[in-house]
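Since every read-out is calculated from the coordinates, none of them should be taken as a lab result. Fair warning: this is a prediction, and the values are worked out from it, not measured in the lab. We place every Cβ from the backbone using ideal geometry, glycine too, and count neighbours over all the protein chains shown.
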Amino acid sequence: MDKLRALRYFIEVAQTASFSRAATVLGVPASSVSRRIQDLESELGVALFHRSTRVVKLTELGTLYLEQVKPGIAALNLADDFIGHQSSTPSGILKLTAVPGYGRFRLLPALAKMKKHYPDIICDVELSDNISNLAQNEVDIAIRATATVPERAVARKLTDGQFIMVASPGYLQQYGTPKNIEDLQSHNALLYRLPNGILHWQAKMADGWHEIRLPPAFICNQGDTLLDEALAGQGVALIPRWAILDNLADGSLLHIVLDDAEMSATRTESSGIYLLYHRPKYAVNKIKLAVDFLLAELTETL
């Protein structure tokens with residue numbers, strides 16, 4: 001039995017919860033994947049998966065085995081990448097994950113530029129709030145919004161997490177520009193919906209933080225849709241500054257500053273957008289080039 005191959009098949013089946021999906025990812029017949037797993041189970045003398053016509057699920061021993069072998073296979077894959085790509089044109093799959101809003105507004109355009117410089121690098125991008133494990137080779141580069149950077153990862157700050165209150169010139173011409181919290185209460189608010197409810201705005205005033213509940217004109221869980229509504233003159237919005245740099249520059253959105261409060265989406269003042277990677281991976285040519293390119297393209301001078 002080719003145990004190394006069997007272990008790689010085992011990890012892929014565990015991650016996809018499907019022999020057929022694992023076979024597609026691996027580019028081999030499903031029968032080959034099933035046979036390798038059976039050989040591995042026979043050698044170990046235990047069942048690694050519960051199998052049925054509808055689901056493939058790790059057994060308790062299978063879960064424990066995965067925890068033990070996955071880091072070793074990840075380290076081996078990293079070593080293969082390091083040796084295989086040092087003397088050649090950077091190529092292969094580059095796995096990235098990013099928070100959805102920043103991914104759409106900033107990362108994807110940057111990757112389109114990077115593709116022109118390194119056409120043989122294939123970007124596999126997941127836009128998600130789920131945290132992927134850098135150390136276990138689940139992703140190569142992660143971009144996260146956080147106030148506390150994870151341990152055992154290199155964290156490079158791209159921008160701050162500041163939200164600013166904006167509206168279109170047409171909206172402000174029609175309804176007036178609010179000067180204080182009292183004025184703001186009469187304006188149409190474009191609000192973001194989190195999985196657990198509406199994200200109400202926070203105001204930092206002289207006596208501390210206050211939650212501000214405004215009459216909503218529109219509610220959505222997609223930041224780009226809220227931006228479109230603001231541009232269309234439908235109301236006042238709180239939007240991350242990094243998402244609207246071009247709009248502020250061309251005047252299609254105007255920054256609203258109140259006399260008696262500083263508006264924010266959260267009460268966390270130290271948050272930012274960080275590019276994260278696992279230090280050993282920086283030795284891999286394609287990852288080094290991508291990290292350097294993205295830092296040059298996305299890092300803002302604050």
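Values as computed for the structure displayed
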read-out	value
Distance cut-off 14 Å, percentage of C-alpha pairs in the range 231-302 lying past it	74 percent
Tail fraction, Cα-Cα pairs, the range 3-85, threshold 22 Å, whole percent	22 percent
Ranked by how many other beta carbons lie within 10 Å on average, peptides 62-71, 282-291, 267-276 from highest	282-291, 267-276, 62-71
Fluctuation leader among 169, 29, 100 - the chain, Gaussian network, Cα springs under 10 angstrom	29
Loop-resident sites, the range 155-231, for trypsin sites (Lys or Arg not before Pro), counting at most 14 other Cβ within 10 Å (DSSP)	179, 213
Shape category assigned to the range 163-264 from the gyration tensor of Cα positions, a/c cut at 1.5	rounded
Two-decimal Rg/Rh across the chain, once Rg and the Kirkwood Rh are taken from alpha-carbon atoms	1.08
Where N is the number of residues in the range 159-218, Cα Rg divided by 2.2 N^0.38 Å	1.22
Straight-distance crosslink candidates among lysines, where the alpha carbon sits under 17 Å from residue 286 and sequence neighbours closer than 8 are dropped	95, 113, 115, 116
All Cα pairs of the range 110-203, percent lying beyond 17 Å	71 percent
